[in-house]
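Here is the structure we will look at.
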Number of protein chains: 2
Amino acid sequence: MAHGGKPRPMKGIRQLAEHLDISIGTVSRALNGKPDVNEETRKRVLAAAEQLGYVANQSGRSLRQGTTNVIGLMIQSSRETVENSDNFFLTVTGGLQSVFSRHNLDLIMLPCPHDEDPYEYLKRMVARRIVDALILSETQRVDKRFDMLAKAKIPFAALGRSLSGVQHPWADLDFDGVANCAVDRLVARGHRRIAISTPASDINLGFVFVEGYRRALERHGIPYDPALVIRAKSSEQGGYQVADELLRLEDRPTAVILIYELMAIGFYRRVMEAGIIPGRDIAVVGFREAPRAKFLQPALTCFRTSLHDLGVELAEILLSSMPAYNHIYPNTKRQRTWPLELVPGESDAFHLTTGK
Amino acid sequence: MAHGGKPRPMKGIRQLAEHLDISIGTVSRALNGKPDVNEETRKRVLAAAEQLGYVANQSGRSLRQGTTNVIGLMIQSSRETVENSDNFFLTVTGGLQSVFSRHNLDLIMLPCPHDEDPYEYLKRMVARRIVDALILSETQRVDKRFDMLAKAKIPFAALGRSLSGVQHPWADLDFDGVANCAVDRLVARGHRRIAISTPASDINLGFVFVEGYRRALERHGIPYDPALVIRAKSSEQGGYQVADELLRLEDRPTAVILIYELMAIGFYRRVMEAGIIPGRDIAVVGFREAPRAKFLQPALTCFRTSLHDLGVELAEILLSSMPAYNHIYPNTKRQRTWPLELVPGESDAFHLTTGK
DNA sequence: ACGCGCTCCGTAAACGTTTACGATACTATG
DNA sequence: CATAGTATCGTAAACGTTTACGGAGCGCGT
């Protein structure tokens, strides 16, 4: 490879210092807002940097001070994620960034390849020291990643709870609260056989969801029937499959709670194929409100929340557990279940005992 | 084993060298596969690195050799993107990674915040030298970013064409080909007033799409009517709006081509509100095949493609324009329109002249 | 005069790696 | 035996930045 004899342009702080006829130490201090530099020289330095388009080389900086000013958001583009994530991650990302940018932190997304073990991938990213802190998503029931990050002393927060690493910081949608509310609402309308869907994978939110459902049933004195818990992919196809399985049951449920709004599309379709009208013959409650759920007929009863604000909260939780920032976000609650608001629709608007 | 028990975490190549009683130069050469190192010592070094969990610090490495082994994929999480991107980016990402990982390159996603100018954001990322090369998406009609990257001599490729930076490498869905094919098909069924939708933003694919449509009409001797080109967001709501606007026209079109499949959901809904049945009273052709389009009734005629393979192609295009890799991917065609395959549905299955 | 504290700035040593260069031992060749 | 060539390895200089340290200049109180 040409390793060349051309006089390199020396694009660095050194050139900037020479151009200003100041030592590079002073230039660096001026740029980084250190106190012991004359205000007037600082102005000169900043002006020159702006004019010459100088930006500190990240490698040099982070080599010296062991910090990168980059936060990583790890996502596993598993097939299931790919099929249903839609705007979820990007919306949360917006909230995260709105906080990080205030501290000159940049967010990058680390997509773990399908064919690579998430744990190994994360280990590599950590070892490379490319990020100062991490946000983990799609937390598993037991998730080795937490222990690893704790041992490596990398600050992190999770988008989702987990059973492992008990005390780690997280923010999570209030899955059990939603299941609870949905059951209450359906029971109040006379339903007693209520089905629920949960993801097929080991992702923890499914367990939390079903657990909330189970406790709510218990509170109402309704026996918990495992046959009414359907494991399915969180997609339209999954919803179709849920309906399919429920139709096969001898003692069919009169209501169903779907963990992803998109599933309702497939669910509607399948039951209508069987001549069953959602909102008249069976009650349906979905999870998050989503633009495309708005077009369902009858309108889906679901739960609204601001994913953007959830991102904001999660960012603050992360910063509060980073030594360099916890003086700015002190005592922030390290674990936060994020509330959702009921959006009543027509899909469960009938009372069972009064007929349709 | 020299020191029994658990070795404490590696601090750097220096400790690894001391542990092996070899100079750090040799260790580095061994790890990087340089030729002038004894095969047997190399094995020892690799084994020790594996055992002690040593991974080279990326900052030190990239500071020295000016390379990071990271490829950045810039995405602008604009509101429009957030609403319709669904699995698009993650799927393409999978294809990209399958190529990059063969060369020990990692892909990171750089999400430009809504409130930041994409150009400034990119400039910052480039200046920080955090990536070796870039993939740009959502290319605008005229896109300053290309010129900037060219001037900064950063290798890049684009997911999407542009009018600026004429000779830059890119891969792009065959928007004009699809528009062309759709028009041909509709004309063959007797349609002459054919509407088309295009995004409201300056994203280039809209122009390419409409241009293909315009030329196809011209070929059939059908006059181009600007009133039939509807600018709308690429979402269900956008589709609803397209239908709404078309219904207001005095001389209503008999067919419509939608640039995003999701729009069909809203479109169906709106025309059915007006008592118009898609596939009987109006012909509808969508763009990409998507899981949720499968649930439309009648089935949407649309176009299928593998976004994963598009990612593979794009990765190879990028590598072929990187000095360090172009010997591996020589003479790869630098610009590639990616084909789509027609998936006939029922939404345009009627012949206009024979009635319904 | 002297010392002290303060403000500002220059010097140089890190940070962890890669790599050009030279050194050593050994082998093959003349 | 001298020399050249080869295989292998150690040494030290970069890469660009931050920062501990010290020094110069100055004002001020004793």
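Considering B:Arg161, B:Arg193, B:Arg145, the condition of being under 30 Å from B:Glu346 (Cβ atoms) and among the charged types (D, E, K, R) is satisfied by B:Arg193 alone.
Considering only region A:42-145, give the strands (runs of 3 or more DSSP E) lying wholly within it that have at least 1 residues that are without any contact (Cβ under 8 Å) to a residue 24 or more places away in the chain.
none
In region B:78-85, the condition of being at pLDDT below 90 and open to solvent by 50 Å² or more (accessible area, probe 1.4 Å) is met by at least one residue.
Over 22 Å from B:Arg231 (Cβ atoms), outside the structural domain of B:Gln237 (by TED's automatic domain parsing), open to solvent by 40 Å² or more (accessible area, probe 1.4 Å) and free of Cβ contacts under 8 Å to residues at least 40 places away in the same chain - does that describe any residue in region B:316-326? Yes - at least one qualifying residue is present in region B:316-326.
Out of A:Asp184, A:Asp115, I need the residue that is open to solvent by 10 Å² or more (accessible area, probe 1.4 Å), within 14 Å of chain B (Cβ to nearest Cβ) and among the charged types (D, E, K, R). Which one?
Numbers: A:Asp184 fails: within 14 Å of chain B (Cβ to nearest Cβ).
Going through A:Asp184, A:Asp115 in turn, the sole match is A:Asp115.
Here are some residues: A:Ala255, A:Ala243, A:Ala264, A:Ala299. Which one is in contact with a strand residue (DSSP E or B) (Cβ under 6 Å, 6 or more places away or on another chain) and within 14 Å of another protein chain (Cβ to nearest Cβ)? Going through A:Ala255, A:Ala243, A:Ala264, A:Ala299 in turn, the sole match is A:Ala264.
A Cβ distance below 7 Å, combined with a sequence gap of six or more or placement on separate chains, defines the contacts here; from region A:22-39, residues that are more than 14 Å from A:Arg61 (Cβ to Cβ) and within 14 Å of chain B (Cβ to nearest Cβ) reach no residue that is near DNA strand C (Cβ under 7 Å from one of its atoms) and among the hydrophobic types (A, V, I, L, M, F, W, C). When A:Gly190 is tested against the conditions (1) of a type in the set (Gly, Ala, Ser); (2) without any contact (Cβ under 8 Å) to a residue 60 or more places away in the chain; (3) exposed (fewer than 15 other Cβ atoms within 10 Å of the Cβ), the lone failure is (2).
Residue-wise test of (1) more than 27 Å from A:Asp172 (Cα to Cα); (2) assigned by TED's automatic domain parsing to the domain that holds A:Arg334.
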position	(1), (2)
A:Leu262	no, no
A:Phe267	no, no
A:Arg270	yes, no
A:Ile277	yes, no
A:Arg280	yes, no
A:Val285	no, no
A:Gly311	no, yes
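Considering B:Ile135, B:Ile108, B:Ile130, the condition of being under 15 Å from the mean Cα position of the chain (by Cα) and either of a type in the set (Gly, Ala, Ser) or within 8 Å of chain A (Cβ to nearest Cβ) (or both) is satisfied by B:Ile108 alone.
Here is the figure for region B:247-287: residues that are of a type in the set (D, E, K, R) and under 17 Å from B:Arg193 (Cα atoms) total 6.
Across region B:199-234, what is the number of residues that are of a type in the set (D, E, K, R) and outside any loop (DSSP other than H, G, I, E, B)?
6
The values are calculated or read from the model by the stated rules, or taken from the named source; none is laboratory data. Predicted model, so just to flag it, every value in this text is computed and none were measured. So basically every Cβ, Gly included, is an ideal-geometry build from the backbone, and we count neighbours across all protein chains shown. When the accessible area is computed, the model is the full protein with side chains, heavy atoms only, and any ligands, DNA or RNA have been set aside. Shrake-Rupley method; radii C 1.70, N 1.55, O 1.52, S 1.80 Å.
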